[in-house]
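The values are calculated or read from the model by the stated rules, or taken from the named source; none is laboratory data. Because the structure is a prediction, the values reported are computed rather than measured. FYI the Cβ positions are ideal-geometry reconstructions off the backbone, even for glycines, and counts take in every protein chain you see.
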Amino acid sequence: MKDRHYLGIIGIGITILAWITLNADHFPIVYQLVAPAYSNAMTAYEKIQRGNSILEKKDVGFSEISELLSTLMRKGRNPGITQIRVVGGFQSPVVKQEAIRWVGYVYLEISFLKSPAEIWAVGDLPGAIRNRFLDLDIFLWGSLVFGIGIILFILSLCIRE
């Protein structure tokens, strides 16, 4: 094969990888590779979202969710979260400038090491997880890599033998 063929194949391969990255919501392995803490936290969220589930220290994503909840507590308090259990939840509309958006509130019973359990109403937990653990703009990077792949492919077409 000629060099232009290799360049074209590499360009197509990079373009396919970028497309997979841009569709990361459909390919969870992307998040596992580029943002493992986000992937673990979302795994834990999906577990507690199933209802009547208990999230314990041994579970995947417990440390991420407990870290997120600990940041919501007042400063100077180190409670040592031992268990998180969903006790209920509901959806309520939030009016934003652009449209009405449904925000889910979930009631969590949070057990602590040295103090009694508390029940918290936490809204938009997936959004909080995304803001805290997904520090990489997947769309930006995927678009950039997609463009590089297209450029390489076009260059392979322009090279004369």
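Only one residue in Thr15, Thr21, Thr43 is assigned to a helix (DSSP H, G or I) and within 20 Å of Ile65 (Cα to Cα), so which one is that? Let's see the steps before the verdict.
On the way: Thr15 fails: within 20 Å of Ile65 (Cα to Cα); Thr21 fails: within 20 Å of Ile65 (Cα to Cα).
That would be Thr43, the only listed residue that is assigned to a helix (DSSP H, G or I) and within 20 Å of Ile65 (Cα to Cα).
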**Request:** State all residues of segment 1-55 that are closer than 24 Å to Val145 by Cβ, over 18 Å from the mean Cα position of the chain (by Cα) and charged (D, E, K, R); if no residue qualifies, say none.
**Result:** Asp3, Arg4
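Regarding segment 101-110, can at least one residue be identified that is modelled with pLDDT of 80 or more, under 30 Å from Val34 (Cβ atoms) and touching an Asp or Glu at 6+ places or on another chain (Cβ under 7 Å)? Steps first, please.
Within segment 101-110, the subset modelled with pLDDT of 80 or more is 107-110.
Of the ones still in play, those that are also under 30 Å from Val34 (Cβ atoms) are 108, 110.
From the residues that got through so far, the ones that are touching an Asp or Glu at 6+ places or on another chain (Cβ under 7 Å) too are 110.
Scanning segment 101-110, I find at least one residue that is modelled with pLDDT of 80 or more, under 30 Å from Val34 (Cβ atoms) and touching an Asp or Glu at 6+ places or on another chain (Cβ under 7 Å), so the answer is yes.
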**Prompt:** Does Ser143 satisfy being in contact (Cβ under 8 Å) with a residue 24 or more places away in the chain and either part of a strand (DSSP E or B) or farther than 30 Å from Ile29 by Cβ (or both)?
**Reply:** no
**Item:** Failed item in (1) touching a Lys or Arg at 6+ places or on another chain (Cβ under 8 Å); (2) surrounded by 12 or more Cβ atoms within 10 Å (Cβ to Cβ), with Asn40 passing the rest
**Value:** (1)
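Counting just the residues of segment 70-91 that are part of a loop (DSSP other than H, G, I, E, B) and at pLDDT below 80, which one comes out farthest from Ala121 (Cα to Cα)?
Taking segment 70-91 and keeping what is part of a loop (DSSP other than H, G, I, E, B), we get 73-80.
From what's left, at pLDDT below 80: 73-79.
Values: Met73: 13, Arg74: 16, Lys75: 19, Gly76: 21, Arg77: 19, Asn78: 20, Pro79: 18 Å.
For segment 70-91, the residue satisfying everything is Gly76.
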**Item:** Pairs where the first residue, in segment 45-69, is free of Cβ contacts under 8 Å to residues at least 40 places away in the same chain and closer than 20 Å to Ala121 by Cβ and the second is of a type in the set (Ser, Thr, Tyr) and not in a helix (DSSP H, G or I), C-beta under 9 Å, 6+ apart
**Value:** Lys47/Ser53; Ser66/Thr82
**Request:** Sort out which residues of segment 10-24 are without any contact (Cβ under 8 Å) to a residue 60 or more places away in the chain and either hydrophobic (A, V, I, L, M, F, W, C) or within 12 Å of Phe153 (Cα to Cα) (or both), and write them in order of number.
**Result:** Ile20
